[in-house]
1. If the requirement is being touching a residue at least 12 places away in the same chain (Cβ under 8 Å) and in a strand (DSSP E or B), which of these qualifies: Ala100, Ala115, Ala81?
2. Considering Thr348, Thr384, which residue is polar (S, T, N, Q), open to solvent by less than 70 Å² (accessible area, probe 1.4 Å), over 30 Å from Leu296 (Cα atoms) and at pLDDT 85 or above?
3. Which condition from (1) over 22 Å from Val136 (Cβ atoms); (2) open to solvent by 60 Å² or more (accessible area, probe 1.4 Å); (3) in contact with a helix residue (DSSP H, G or I) (Cβ under 9 Å, 6 or more places away or on another chain) is the one that Val19 breaks?
4. Of a type outside the set (Gly, Ala, Ser), more than 22 Å from Lys64 (Cβ to Cβ), without any contact (Cβ under 8 Å) to a residue 40 or more places away in the chain and in contact with a strand residue (DSSP E or B) (Cβ under 9 Å, 6 or more places away or on another chain), is that true of Leu296?
5. I'm checking my understanding of the structure. Among residues of region 246-266 that are more than 16 Å from Leu296 (Cβ to Cβ) and touching a helix residue (DSSP H, G or I) at 6+ places or on another chain (Cβ under 7 Å), which one is surrounded by the fewest Cβ atoms within 10 Å (Cβ to Cβ)?
6. Which of the residues spanning region 21-63 are closer than 30 Å to Gln254 by Cα and acidic (Asp, Glu)?
7. Determine which single condition Phe284 fails, assuming it passes every other condition in (1) within 22 Å of the chain's Cα centre (by Cα); (2) in a helix (DSSP H, G or I).
8. Hey, among Lys64, Lys106, which residue is open to solvent by 40 Å² or more (accessible area, probe 1.4 Å), of a type outside the set (A, V, I, L, M, F, W, C), at negative phi and modelled with pLDDT of 95 or more?
Amino acid sequence: MSPTALRRWSWTHKWSSLVCTVFMLLLCLTGLPLIFHHEIGHLLGTEVEAPAMPAHTPRASLDKVLAAAQALHPERVVQFASQPEDDDALWFVTLTPTPAPTEDFKSIAVDARTAAVLSQRPVDQGFMYIMFRLHVDLFAGLAGKLFLGFMGLLLLVAIVTGVVLYAPFMRKLAFGEVRRDRSTRVKWLDLHNLLGIVTLVWALVVGATGMINTWADLMIKYWQYDQLSVLLKPYEGQPTVPVAERGPLQQSLQAAQAHAPGMKLSFIAFPGTAFSSPHHNTFFLKGNEPLTSRLLQPVMVDARTAQVTAAPQLPWYLTALLVSQPLHFGDYGGMPMKILWALLDIATIVVLGSGLYLWLRKGVQAGNATAATTAPVPTGLPATAAASVRTGSPLPRTEGRA
């Protein structure tokens, strides 16, 4: 690599790293507890669990479940309803002032067998909520998400440039060597390089999937504009179906499941919400295998007639989003993968922290060097002797000496 190319790669690596380091540290620190959010929820007692009942206990009608939830907040509308991945004995019903996206929502846990309300604990408070919001959008909504997405892009640039620079800067050392007999700064530099290479693939995966996740809102809006608008042509000009005119929801659920046999329900989006249309109950179904359980198949059921009208395939960009979300938090491989993700997260925190330390330490050393070159000349020293003090040379500088 030529000296000019080396300087350019070094400049890109330095500034892409410096700009994103503080925010990446924040994301790594907040992401660590989020890897174990289910386990922490159980320890804190914030996870809702359905009471034990015989396995073949019949399920209550979905209409009764929603009625039980809405009876607590009759002034609100039902926006979504979903079931946990590992417990189909629960329904979580989301109620909001309007169907439009909002941060003002109530989440009600309802027993799927008895339609009894089990919990209406606030979800917008507590330690895990703060960690989640800081990690997702810095409490700044879409603007915060896009900003963190840009920081993720800078992280990817820093990783790629770091890989390019690894060989030129470490060519005189054995791979992964840490020079323990050198200064503290050199030891941290070697450790920074070693851990950077160890966490390389993980950081690329988590950085890329995190960046994709920040685009989720824009992807969904584009999907509605690009594909759903075509499906909704027959309903053009019609208002959102009033609640009083909607057919039985249980019948709509059965129609959706009959249209895609062998698939499980993930969640339901009701008319007028971000994931549906003003005229449909949209059921998002998923497969039973580890990979297909992350891929959703929307089935759109007319809210009035309970008839399936469309089952569009999700476009590739929404499929990429759905695959990236669990991969970002290590949800594919159970507890072993979560532990691995946590260890790599801690190693990345060390990489980011050591990089910041090295830059600050270099600045201090540069400042000391500048101060030394501008020190006052000691009284009584001739000019040539003063020059030798500044340069550290055993010989005084004279005109023409190299």
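The values are calculated or read from the model by the stated rules, or taken from the named source; none is laboratory data. For clarity, every value in this text was computed on a predicted model and none was experimentally measured. Here the Cβ positions follow ideal geometry from the backbone for every residue, glycine too, while neighbour counts run over all protein chains shown. Accessible surface areas use protein heavy atoms only, side chains included; no ligands, DNA or RNA. Shrake-Rupley method; radii C 1.70, N 1.55, O 1.52, S 1.80 Å.
1. Matching residue, one of Ala100, Ala115, Ala81: Ala81.
2. The match here is Thr348.
3. Result: Val19 passes all but (1).
4. It is true that Leu296 is of a type outside the set (Gly, Ala, Ser), more than 22 Å from Lys64 (Cβ to Cβ), without any contact (Cβ under 8 Å) to a residue 40 or more places away in the chain and in contact with a strand residue (DSSP E or B) (Cβ under 9 Å, 6 or more places away or on another chain).
5. Only one residue tops the list, namely Pro248.
6. Glu47, Glu49, Asp63, listed by residue number.
7. Phe284 satisfies every listed condition except (2).
8. Lys64
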